[in-house]
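Visitor: A single structure is presented below for examination.
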2 protein chains.
Amino acid sequence: MNTKIDPAKAEFDVVGIGNALVDVLSHEPDELIESLGIPKAAMTLIDEPRSEEIYRLMGPAVEISGGSAANTIVGVAALGGRSEYLGKVKDDQLGHVFLHDIRATGVCYEVPLAPEGPSTGCCLILVTPDAHRTMNTYLGASVHLGPEDVDPNRIARASVLYLEGYLFDPPEAQEAFRVAARYAHEAGRVVSMTLSDSFCVERHHEAFLDFVENHVDLLFANETEIHALYPSTDFEGAVAKLRENVEYAAVTRSEKGSFVFGPDDALNVAAHEVDELIDTTGAGDLYAAGFLHGFSHGADLGVCGHLGSLAAAEVISHIGARPEADLVDLATSLLAK
Amino acid sequence: MNTKIDPAKAEFDVVGIGNALVDVLSHEPDELIESLGIPKAAMTLIDEPRSEEIYRLMGPAVEISGGSAANTIVGVAALGGRSEYLGKVKDDQLGHVFLHDIRATGVCYEVPLAPEGPSTGCCLILVTPDAHRTMNTYLGASVHLGPEDVDPNRIARASVLYLEGYLFDPPEAQEAFRVAARYAHEAGRVVSMTLSDSFCVERHHEAFLDFVENHVDLLFANETEIHALYPSTDFEGAVAKLRENVEYAAVTRSEKGSFVFGPDDALNVAAHEVDELIDTTGAGDLYAAGFLHGFSHGADLGVCGHLGSLAAAEVISHIGARPEADLVDLATSLLAK
């Protein structure tokens, strides 16, 4: 048991805040990414004209609701958890698609649709033959998530608050973020965050460091991201710095599994094998879903990490960043141990 | 060689007319279809309120461009053919998705977007565990395809005109249909049509019979559909009647393959085996694509049918009604024989 959580005291397990996006996925050759001059397998922020330019060059695509924290929150619901999401879409066709899809998974989603302004945000995802995804995000309406959308009662009623690092990009959302962390701590809840992307960490390095040191209890990151947060250190050095700053963390290392620590223990968790790697979109998001589901139920760190590996393995074995398999039975049997 | 076609004389191989729709697909249990009281594995026309009701009950979905004839025309392009599509979408987000996807496959698509009126049409597709699809179509903007959208030059420049039986539902489109057939024959082109759906044939039985007898040179249908066209007959009886009415036909019979005939010959074509049946959406559409690609290149009926079987097998081995595999090499090697 981790002693940080008393799940009996909360109405919800996890409430997440993030950029609400609809993913537009297509299979593309590496040459397109090279000719566009975008960093492969990373997330690049784009404006509307650039989004139109890239879309024009993409092949026939599939639209599917996305958004990093939204994927995580849907994952928590798929594992049987009670979860809520805060993120902004516009009152347009893709906004209604987002709203339908997230509610259809059982997630509570009550943020008012933006009646005007930029259209619902989208992420143009180029999936290359090696199953990697190169993401181009037009934030659209999601930049208008502000402190007024963060209801203190919604934050207070969940065991864990989960924040997406990408939210450091839109300035209004960054403020919503700090407000949410304050509400959570005032209610005695756990504040968790994912670093999201190494380029995003580099863009807002000071703000990230300050936030991690002063507000985060549980951090999610991959290896590249913690090196972006603590430059010029080896893995052990970065982890040592991280342990000075946060109480809990889970660092994912692709096929090497993950390294997780708490105040009293630290351990490596194996990755879960997959038959065929189809599309890595959502791997980190779903790892966080599994981990958070365990953590918000007071599970040991090893069980949390194992749930993370399982959920990640499910999502990389098919196209799209949200789970397809029914994960509830799996989660129930693991949590009963 | 079929002598009906002189491909050298045409700028395009196939021009198709149909209801332009965006598919909204989700995996659902049989119980949902029963509780909705809709006929399984058929296409039901629905109005906007009913579409909202069904959508609300559907799980998280994927949006992907569809429309029966559009899928066929995209299939022709995927096989290396030169194809054009006529169908109506609105100037809204899903209309732009449709426009992007069809153009991205190399299809010529120049019909003006509707500036107002109902939103872009959609087809809510419930995929059950047996891989069957139950379709609920809200025609939306596609009902506004009218005779003014049928440019005589676009019809005259393609070897084969391909018409979707579903177009008998919207009255304006039915008129566009007759106009298109007239232009095609005036230019010495072949008029082909698919019956689309047995319920659709029953809804407009007299109009279908009249159109097949007087305007169609090449008919596509499955067994249920020709029985709907010629009731109270066995398969041989229905085929005999069909031979009196049209010069060429291809009747698909699921795993039994297809039966094809021309003025001088008739033969059975085997189905192409698939490793795993995932989703039958688009099987008939892609059979027509393969057949039309062969036919518009003057191929023998056996080759046409074989191309149809191959294209159908590709599309039922994955989710969605448009081809994923690159079919050009396959088609080229078959046509070279």
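Visitor: So which residues in the stretch A:122-152 are assigned to a strand (DSSP E or B), hydroxyl-bearing (S, T, Y) and out of contact with any Leu (no Cβ under 6 Å at 6 or more places or on another chain), if there are any at all?
Guide: Listed by number, the list holds a single entry, A:Y138.
Visitor: Now for a different question. Can you tell me how many residues within the stretch B:53-62 are free of Cβ contacts under 8 Å to residues at least 24 places away in the same chain and either within 16 Å of A:I64 (Cβ to Cβ) or within 8 Å of another protein chain (Cβ to nearest Cβ) (or both)?
Guide: Residues meeting the conditions: 1.
Visitor: Given the residues B:G80, B:G146, which is the only one that is out of contact with any Asp or Glu (no Cβ under 7 Å at 6 or more places or on another chain) and surrounded by fewer than 24 Cβ atoms within 10 Å (Cβ to Cβ)? Lay out the reasoning, then the answer.
Guide: Numbers: B:G146 fails: out of contact with any Asp or Glu (no Cβ under 7 Å at 6 or more places or on another chain).
Exactly one residue qualifies, and that residue is B:G80.
Visitor: Got a sec? Which strands (runs of 3 or more DSSP E) wholly within the stretch A:153-270 have at least 2 residues that are at negative phi and among the hydroxyl-bearing types (S, T, Y)?
Guide: Qualifying strands (runs of 3 or more DSSP E): A:158-164, A:190-194, A:248-252.
Visitor: Quick one: B:I5 ticks every box in (1) in contact with a Gly (Cβ under 7 Å, 6 or more places away or on another chain); (2) free of Cβ contacts under 8 Å to residues at least 40 places away in the same chain bar one, so which box is it?
Guide: Here B:I5 meets the rest and fails (2).
Visitor: Starting from residues that are under 18 Å from the mean Cα position of the chain (by Cα) and aliphatic (A, V, I, L, M), keep the ones in the stretch A:122-133 and report whichever is nearest to the other protein chains (Cβ to nearest Cβ).
Guide: Of everything passing the filter in the stretch A:122-133, A:L124 is nearest to the other protein chains (Cβ to nearest Cβ).
Visitor: Among the numbered conditions (1) more than 14 Å from chain B (Cβ to nearest Cβ); (2) under 30 Å from A:I33 (Cα atoms), tell me where A:I155 comes up short.
Guide: Here A:I155 meets the rest and fails (2).
Visitor: Can you tell me which residue within the stretch B:1-14, out of those that are buried (at least 18 other Cβ atoms within 10 Å of the Cβ) and touching a Ser or Thr at 6+ places or on another chain (Cβ under 7 Å), is modelled with the lowest pLDDT?
Guide: So, considering only residues that are buried (at least 18 other Cβ atoms within 10 Å of the Cβ) and touching a Ser or Thr at 6+ places or on another chain (Cβ under 7 Å), the one modelled with the lowest pLDDT is B:I5.
Visitor: Something else: List the number of the failed condition for B:A156; all other conditions in (1) under 24 Å from B:E255 (Cβ atoms); (2) surrounded by fewer than 23 Cβ atoms within 10 Å (Cβ to Cβ); (3) among the aliphatic types (A, V, I, L, M) hold.
Guide: (1)
Visitor: What pairs come up if the first residue lies in the stretch B:295-307 and is closer than 14 Å to B:A249 by Cα, the second is aromatic (F, W, Y) and part of a helix (DSSP H, G or I), and their beta carbons are under 7 Å apart, counting only those six or more places apart or on different chains?
Guide: Every condition considered, the pairs that remain are B:C304/B:F291; B:C304/B:F295; B:G305/B:F291.
Visitor: Would you pick out the residues in the stretch A:18-38 that are modelled with pLDDT under 95, crowded, with 18+ Cβ neighbours inside 10 Å and within 12 Å of another protein chain (Cβ to nearest Cβ)?
Guide: Hits for the stretch A:18-38 are A:D23, A:V24, A:L25, A:S26, A:E28.
Visitor: Got a number for residues in the stretch B:134-151 being farther than 27 Å from B:L32 by Cα and within 14 Å of chain A (Cβ to nearest Cβ)?
Guide: Result for the stretch B:134-151: 1.
Visitor: Taking the stretch B:189-204, which residues are surrounded by fewer than 21 Cβ atoms within 10 Å (Cβ to Cβ) and within 17 Å of B:N214 (Cβ to Cβ)?
Guide: B:H204
Visitor: Let me ask something else. Which of (1) out of contact with any strand residue (DSSP E or B) (no Cβ under 8 Å at 6 or more places or on another chain); (2) buried (at least 24 other Cβ atoms within 10 Å of the Cβ) does A:R178 not meet, given it meets every other one?
Guide: Failed condition: (2).
Visitor: When the stretch B:39-57 is examined, which residues are found to be part of a loop (DSSP other than H, G, I, E, B), at pLDDT below 95 and of a type in the set (A, V, I, L, M)?
Guide: Correct list: B:A41, B:A42.
Visitor: Looking at B:T72, is it under 24 Å from B:E148 (Cβ atoms) and β-branched (V, I, T)?
Guide: The answer is yes for B:T72.
Visitor: With the requirement that a residue be assigned to a strand (DSSP E or B) and either within 11 Å of chain A (Cβ to nearest Cβ) or farther than 16 Å from A:P60 by Cβ (or both), what does the stretch B:63-121 give you?
Guide: If the condition is that a residue be assigned to a strand (DSSP E or B) and either within 11 Å of chain A (Cβ to nearest Cβ) or farther than 16 Å from A:P60 by Cβ (or both), then B:E63, B:I64, B:S65, B:E84, B:L86, B:K90, B:A114, B:G121 are the ones that fit.
The values are calculated or read from the model by the stated rules, or taken from the named source; none is laboratory data. All figures in this text were calculated on a predicted structure; none of them were measured in a lab. Every residue, glycine as well, gets a Cβ built from its backbone with ideal geometry; the counts of neighbours run over all protein chains shown.
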